[in-house]
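Here is the structure we will look at.
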Amino acid sequence: MSFDSLETVLKRLISLHRNLLDLVREERLFLLSANISELKEITLSKELLLSEISKIEKTRILVVDELIEELKISHQESNPITLLQLSEHLNEAQSKTIRTLHTTLKLLIEQIRETGKQNMEFIQKSLGVFDEIKRDIDRLTSKHRGDLYGKTGSLQKSTGQNGKLFSRQG
């Protein structure tokens, strides 16, 4: 019974992580288009999804603990058993199922991390550009506006060739 529960929980986690990966990829598109309202919705959806993942993960831990007791697997409390270690104590079909689900979940989490990292790098670069623009605008609109180009020039008397770029003397 506990194996079936674990399989169900892992499949649910995989489904939730696939949804999270889709959201993180969608977030990237909205970042590129600077669609703030959609970004807010995506952020809220991600928070709700992460909350659900956290709940299901707690359930997974409980189911694994039940299965460990059921199979009478000895382990230290300070060193929890991994899914791959647990799979070694199951029959061949169950072991293959757990290893496949574990690998799928691990790959999804890696993709989510990588896409999230790329999104964060894009956000950091964008913030840098916005900071630069803000500094430029502040300089242009500051009360010391006349000092922007400096006051190093001076007026000189005309040399008699007003308005002429070239002299005919040669």
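Once you've got the Cα coordinates, tell me which of Lys55/Lys106; Lys72/Lys106; Lys58/Lys96; Lys96/Lys117; Lys46/Lys96; Lys58/Lys125 are over 28 Å apart.
Over 28 Å apart, Cα to Cα: Lys96/Lys117; Lys46/Lys96; Lys58/Lys125.
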Just how far, in whole angstrom, is segment 123-138 from segment 40-79 if you go by their alpha carbon centroids? 41
Cα to Cα, under 18 Å, and not fewer than 8 places away if on the same chain: which aspartates and glutamates meet these conditions relative to Lys40? Asp22, Glu26, Glu27
Nitroxide proxy distance, nm - points 7 Å out along Cα→Cβ at Val129 and Ile14: 3.9
Most exposed first by the Cβ proxy, i.e. fewest other Cβ within 10 Å, how do Glu7, Glu132 rank? Glu132, Glu7
Lys/Arg +1, Asp/Glu -1 at C-beta; segment 8-142 dipole; positive extreme among Asn35, His102, Ile68: Asn35
Sorted by Cβ neighbour density within 10 Å, fewest at the top, the residues His102, His17, His89, His75: His75, His89, His102, His17
With the crude spin-label approximation of a point 7 Å out along Cα→Cβ, what separation in nm comes out for Leu32 versus Leu62? 4.2
Dipole magnitude of segment 2-141 about its Cα centre (Cβ charges: Lys, Arg +1; Asp, Glu -1), debye to nearest 20: 320
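Rule-based calculations on the coordinates, nothing more; no lab input. In this text, all values refer to a predicted model and were calculated from it rather than measured experimentally. Methodologically, a virtual Cβ is constructed for each residue, glycine included, from the backbone with ideal geometry; neighbour enumeration extends over all protein chains shown.
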